[in-house]
1. Out of the strands (runs of 3 or more DSSP E) lying entirely within region 542-614, which hold 1 or more residues that are surrounded by 18 or more Cβ atoms within 10 Å (Cβ to Cβ) and modelled with pLDDT of 95 or more?
2. Does region 56-96 hold any residues that are open to solvent by less than 10 Å² (accessible area, probe 1.4 Å) and acidic (Asp, Glu), and which are they?
3. Can you tell me how many residues in region 565-613 are touching an Asp or Glu at 6+ places or on another chain (Cβ under 7 Å) and closer than 29 Å to ASP692 by Cα?
4. State whether the residues of region 444-466 include one that is open to solvent by 40 Å² or more (accessible area, probe 1.4 Å) and outside any helix (DSSP H, G or I).
5. Give SER301, SER384, SER343 a once-over and let me know the one that is in contact (Cβ under 8 Å) with a residue 24 or more places away in the chain, of a type in the set (S, T, N, Q), open to solvent by 10 Å² or more (accessible area, probe 1.4 Å) and closer than 30 Å to TYR731 by Cβ.
6. Have a look at LEU379, LEU399 and point out the one that is touching a residue at least 60 places away in the same chain (Cβ under 8 Å), touching a helix residue (DSSP H, G or I) at 6+ places or on another chain (Cβ under 8 Å), open to solvent by less than 40 Å² (accessible area, probe 1.4 Å) and not β-branched (Val, Ile, Thr).
7. Do you know which of the residues in region 651-708 that are of a type in the set (S, T, N, Q) and buried (at least 20 other Cβ atoms within 10 Å of the Cβ) is nearest to the chain's Cα centre (by Cα)?
8. Could you please tell me which pairs satisfy a Cβ distance under 7 Å, a separation of 6+ or placement on different chains, a first residue in region 621-635 that is under 17 Å from THR681 (Cβ atoms), and a second residue that is of a type in the set (A, V, I, L, M) and surrounded by fewer than 18 Cβ atoms within 10 Å (Cβ to Cβ)?
Amino acid sequence: MFRYLWICSLFLMQGCLSKSDVSCPTTEDLSLKWEVVTNLYEGKNQVLSEFTLYNHGHVSMGDKGWELYFSQMPPTPILDIPGNIAQVIHINGDWFKMVPQTGFSLQAGDSVKVRYVGTGFNIKKTDAPMGAYFVFYSQDGKNQKIIPVSNLQIAPFVRAEQLKRDPNDVATVPTAESRFEAFGKRESIPTENQIRFIPSPLSITNGNGRLLLSDKWSLSFEPTLQAEATFLAKKLKEIYGLELKNMGNPKEGAQVIHLTLSKGKQDKAESYQLNIKEATGIQIKGSDNAGVFYGIQSLLSMLPLPGTQDAHSQLAIRETVVEDAPRFGYRGLQFDMSRNFQSRETIMRMLDLMAFYKLNRFLFYFMEDEGWRVEIPGLPELTSVGAYRQHGKMEDPLLHPSYGSGPYREGPNNYGSGFFTSDQFVEMLKYAAERHITVIPVINYPAHVRSAIKAMELRYRTFMKEGKEKEANEFRLIDPEDTTHYISAQGYHDNVICVGRESVYHFYDTAVKGIRELYKRAGLPMEIFHTGGDEAAPGFWKGSPMVQKLLAEHPEIKPTDKSLQAYCFKRISQILKDNGVKTIGGWEEAALLTDESGKSVPNEAFVGQGLMPYLWNNMDGAEDLGYKMANAGYEVVLCDISNCYLDFPYDKDPEEPGNYWAGFLETKDFYAFAPFDLFKTTVRTAMGRKIDTKVEYANKVRLKPEARKNIKGVQAQIWSETIKGPEMLEYYYLPRLIAFAETAWSKERVWEKTEDQKLREEQIEQGWNKIANLLGSKELERLSLLNGGYNYRVPLPGAIKKMGMLYANTEFPGLEIRYTTDGTEPTAQSSLYSKPVKVEGTVKLKCFVPNGKFSRTTVVY
């Protein structure tokens, strides 16, 4: 799912005391500076970059005895520059090394520049080399010493050729002026006229009266709603210090919160009614336990924010009647914890927000090429090897550094290593279930399996040393005689299992059984399981004798990538069914075949067999692929790159982090998503060109009316290549996840059926303005208060100067704008912007949330 480029850096030294000694500079002696020279080298889609290497020490460095290793996204091929004094070599994945060439010299106190060329482009700070370290070798090559690089400066991206991805790139870097123009469509809505909570309900009627919650209130509930009642009581005490009397048995009253189940058999799953009246108290009636739970979330949403003046003085809530039900039964969030690890606490915080905004599926990507993050009974190597990254040789049974994890297995700020114990995973399952969230596990096959491959290679070597050949081969995942050379989308040469080896299916069955056992310990069924199935490199099987033997024995299997992948999927599907799995998820590739013309078409053999494709690709000619799948009879989940990727940057600003292989997504884009007519909201190419949707999508396959039921839901995605730590993670997904929740839960918006593109855009803006006002006036402040506060993104303000007057606005009306004219950074005490004001000189502005959290600075000259 990603295409990209990379680059490198370098350092060295010479002068060993003896052939076996390693003498080298210290970390403080060496520093690097990296700069993109141009993304349009020789007028092509090639990036020319430059490293400046500084030697601050006393040891001169020559052309032998060292190599510089580093990670860099995106991993695209490096092109040789004739006569270069150092060569950059792609090793595997995003791992590279720089090797000095004859004549290289870096004298003490001096610096040297090294340029190199790669295909692709780099326009952001998160594209820079990461986790760089030198390895210095003794003369005999037997010993080595690792020296991490602690000082790597990234030159600013300011020139057009540094910011333009290729000649067709028309996306622009936002300025204060362009933001002002974009935000000019927003209008401030008085608090009393704003929507009450998000995701917005099917219907809501506001009354005139008000109820005052106090410790005199009681909590009444049906016996089957004990868990939901406990959750509500705990939240009221935790957030407001309010301790309700527990009445247990159902009872209504003016000072009672009453939880009950409706008796209507036709009620939609997860629906609820919420009645708040002075005479009868608060009644939450759900079609099921989940419905009651979501009614509770709506109640909590309408209470005054914790810690505010209203909450301190009185916990008041307006009379309200709510009728609500979800648009989709599947409202998901996918999170990749393999590429960069996150703690159990970070995941719990994420689950809390999912529940609050009524999302109910958590696709937990705990294994990928770069890591295996859950302890599986019976396969200890998966975490003893697969949960750690460190320096080593390619042939070693370990995971090499990736995404800046550096050379060491463990250490501070090392997000490449870590895993959940079995107990921690079970705890997470229970925690999610209490919040009516289903956790969906993943084991990728046949690609993206490098962490397991390396783990099982250690197991193989260990048993072979003990003379136990049978045990050694029991779970082996590769064909050792395979001569295939391939490169995956992420730059790997060794991340696909051998589909013709029987032990790979025994491994899958064993791992699935181990995960199923953890679900049993949590008291939960494991009814849905995701198989990955994407991005198997072209020709991944051609050099494998085991696969050739399989093809000879089974002539019904065609010698093509998709046919062999379909064979693999059929095998693992049966394993999952044998283990009680009812719904088998997989990326769209798992359900595709190649027809005679070479086009990808739905594989009808799996229709009705429990396979649920997850559609991520809806650009570059694949805009209608999801509808082809649904029309063919597949139940599908839409997770489109045009509107659902939370790891994409908010915009093109080099300071905004993220992976932008398909473009940029602002918060509004997650709202402006029409699941039943994607052509209405897939409106820009990856390079920023606006699409004439009526013309360019005229011949695309539409979703048939009878196939609408096959769109089971939508899912937001978080891939973690560029994400380091919990604060960065929360910055990526907040507040965008809230806008996505509106799409996932709330009813179809009027603009989703509007054919005229100009009118549709106006209607989208009108609907989004309501959400933007709620974000600016309440939801961002809420995020500062919940669970000790989240590190959400505060948008930069827009601003212009006209005739000496400053005009400013914000993406989310309700945020404060503060400014300075003396060159200092704005603070919460700086001048508050409320109307156009006369200014002189350079103006700096920031947006502020009432609690003091603020945006980056925007400048108007």
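1. On the way: elements: 583-587, 592-594, 600-602.
Of the strands (runs of 3 or more DSSP E) lying wholly inside region 542-614, those with at least 1 residues that are surrounded by 18 or more Cβ atoms within 10 Å (Cβ to Cβ) and modelled with pLDDT of 95 or more span 583-587.
2. ASP94, the sole residue that qualifies.
3. Residues meeting the conditions: 4.
4. The first filter runs over region 444-466 and keeps only residues open to solvent by 40 Å² or more (accessible area, probe 1.4 Å), leaving 458, 460-466.
From the residues that got through so far, the ones that are outside any helix (DSSP H, G or I) too are 466.
Scanning region 444-466 turns up at least one residue that is open to solvent by 40 Å² or more (accessible area, probe 1.4 Å) and outside any helix (DSSP H, G or I).
5. On the way: SER301 fails: open to solvent by 10 Å² or more (accessible area, probe 1.4 Å); SER384 fails: closer than 30 Å to TYR731 by Cβ.
None of the others qualify; the one that does is SER343.
6. Details: LEU399 fails: touching a residue at least 60 places away in the same chain (Cβ under 8 Å).
Answer to the check: LEU379.
7. Step one: list which residues in region 651-708 are of a type in the set (S, T, N, Q), which gives 659, 667, 681-682, 685, 693, 699.
Imposing the further condition that a residue be buried (at least 20 other Cβ atoms within 10 Å of the Cβ) reduces the set to 659, 667, 681-682, 693.
Numbers: ASN659: 10, THR667: 14, THR681: 21, THR682: 20, THR693: 28 Å.
The qualifying residue nearest to the chain's Cα centre (by Cα) is ASN659.
8. Partner pairs satisfying both residue conditions: ASP624/VAL701; TYR627/VAL701.
The values are calculated or read from the model by the stated rules, or taken from the named source; none is laboratory data. Computed from a predicted model, the values in this text were never measured in an experiment. Reconstructed Cβ throughout: ideal geometry from the backbone, glycine too, with neighbour counts over all protein chains shown. Accessible surface areas use protein heavy atoms only, side chains included; no ligands, DNA or RNA. Shrake-Rupley method; radii C 1.70, N 1.55, O 1.52, S 1.80 Å.
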